[in-house]
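Engineer: I have a structure here, written as structure tokens, and I will follow up with some questions on it.
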Amino acid sequence: MTVLDSRALNRATLARQHLLTRTDTSVPEAVAHLCGLQAQEPQEPFIGLWSRLADFKPEQLDDALTGRTMVRTHLMRRTVHLVTSDDALAWRARHDAMLRQRVLGTYRRELAGIDLDQVAAAGHAAMADQQPRTMRELVQALEDRWPGPPRRVLGELLVAALIPMAQLPPRGLWHQRAGVRNLPLATWLERDIDPLPAGDSDPVGQQLLRRYLAAYGPAASADLRAWCGLAGLPAAVKAAREELVVFRDERGRELLDLSLIQISEPTK
């Protein structure tokens, strides 16, 4: 089994991330290839795209956000990511359980005894008028029924876990300082979130695995878990294993990769 040293892995990842040579690909294509960009800090995606794309202009990302081909939403690791609208709809249901577990893990004492499904139903009912709301405004609509949890805790539960939300522009636009206004993803994008397919092979997890390896591979299962926050996707890895090639790193860890993507010679 081939052992890849740190330099080979470093160069492979930088090349796939378009960080060795800028690419001429479009902004939506680049964000899709990268499986999204971290966007907790609203201006960070502009730096990430400028670092990767030839002739990148901030208005290209602004147009994608206002045109709804991309969206800011809580997804991987319960953090705000900039992702394509197609990926947000395809991946959100697969992240639902993780998003709930992460909020409960952080605020277990504050949320003890609360029926999350009832809170989710009430939140959806409050947003049924299709009007954007700040987290504070959404909490105000529900806090009479759940006066126990601190407002911040109830708000995070609603907008980061229970209700798939889009953070609307002008939040996330170039040189804009705007607060967060939320609207359900399905309302903003005028399309329903994809339901989880039946079966044990985890097809959505398989897609996440392949897309992750295309942008970050070769990688260990632990790397995949650290990226998305999901529990390693063991069913997806098992189902896709025949398509994968396997390496080892210098620590002896198993590294997975796509068989059709060859690691180029290290670039000097």
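Engineer: Can you tell me the length gained on complete extension of the stretch Ser259 to Ser6, counting 0.36 nm per residue apart and subtracting the Cα distance?
Structural biologist: 89.1 nm
Engineer: In what order, largest first, do Arg94, Arg248 sit by accessible area if the probe radius is 1.4 Å?
Structural biologist: Sorted by accessible area, descending: Arg248, Arg94.
Engineer: Quick query: amide H of Asp249 versus all other amide H atoms, modeled in the peptide plane; which residues come in under 5 Å with a sequence gap of 5 or more or a different chain?
Structural biologist: Leu4, Leu255
Engineer: Across region 168-183, in residue order, what do the Karplus-derived ³J(HN,Hα) couplings come to in whole Hz, using 6.51 cos²θ - 1.76 cosθ + 1.60 with θ = phi - 60° and x for Gly and Pro?
Structural biologist: Each residue of region 168-183 in turn: 7, x, x, 4, x, 7, 4, 6, 9, 10, 9, x, 8, 10, 10, 9 Hz.
Engineer: As I understand it, the value is the acute angle between the Cα axis of helix 6-16 and the longest principal axis of the Cα atoms of the chain; what does it come to in degrees, rounded to 10?
Structural biologist: 60 degrees
Engineer: Another question, if that's okay. I want to make sure I understand the PRE zone here: with the label point 7 angstrom from the Cα of Glu110 toward its beta carbon, which residues in region 150-170 have backbone N atoms less than 14 Å away?
Structural biologist: Within reach of a label on Glu110, which here means backbone N under 14 Å from a point 7 Å along Cα→Cβ, region 150-170 contributes 150-161.
Engineer: Could you compute Rg(Cα) / (2.2 N^0.38 Å) for region 22-138, with N its residue count?
Structural biologist: The value comes to 1.25.
Engineer: For the chain, state the average projected area of the convex hull of the C-alpha atoms over all orientations, rounded to one decimal in nm².
Structural biologist: Mean orientational projected area (the chain, Cα hull): 15.7 nm².
Engineer: Please give the length that would be gained between Glu44 and Thr134 if that part of the chain were fully extended, namely 0.36 nm times their separation in residues minus their C-alpha to C-alpha distance (nm, one decimal).
Structural biologist: 30.2 nm
Engineer: How would His175, His124, His95, His33 line up by accessible area, probe 1.4 Å, largest first?
Structural biologist: His175, His124, His33, His95
Engineer: Return P(r) of region 78-136 (all Cα-Cα pairs; 10 Å bins starting at 0; whole %; ordered from short to long distances).
Structural biologist: 17, 40, 40, 4
Engineer: What residues of region 140-160 lie in the reach of a label at Gln118, counting those whose backbone N is under 15 Å from a point 7 Å from the Cα along Cα→Cβ?
Structural biologist: The answer is 142-149.
Engineer: In whole Hz, what ³J(HN,Hα) sequence does region 53-66 give by Karplus (6.51, -1.76, 1.60; θ = phi - 60°), x for Gly and Pro?
Structural biologist: Karplus-based 3J(HN,Hα) across region 53-66 equals 10, 6, 6, 5, 10, x, 5, 5, 6, 4, 5, 5, 6, 6 Hz.
Engineer: So, with a 1.4 angstrom probe, what is the percent of accessible area on the chain that is carbon and sulfur?
Structural biologist: Reported share for carbon and sulfur atoms: 49 percent.
Engineer: Give, rounded to the nearest 20 debye, the magnitude of the charge dipole that the chain has about its Cα centre when Lys and Arg contribute +1 at Cβ and Asp and Glu contribute -1 at Cβ.
Structural biologist: I would put it at about 720 debye.
Engineer: A follow-up question, please. Just reorder Ile163, Ile193, Ile47 by solvent-accessible area, largest first, 1.4 Å probe, all chains present.
Structural biologist: So the residues, ranked largest to smallest area, are Ile47, Ile193, Ile163.
Engineer: Could I ask something else about it? Just the accessible area per residue of the chain, please: how many Å² with a 1.4 Å probe?
Structural biologist: I get 50 Å² per residue for this part.
The values are calculated or read from the model by the stated rules, or taken from the named source; none is laboratory data. Because the structure is predicted, anything quoted here is derived from the model rather than measured. For neighbour counting, all protein chains shown are included, and Cβ atoms are generated from backbone atoms with ideal geometry for every residue, glycine included. Ligands, DNA and RNA are excluded from the accessible area calculation, which covers all protein heavy atoms including side chains. Shrake-Rupley method; radii C 1.70, N 1.55, O 1.52, S 1.80 Å.
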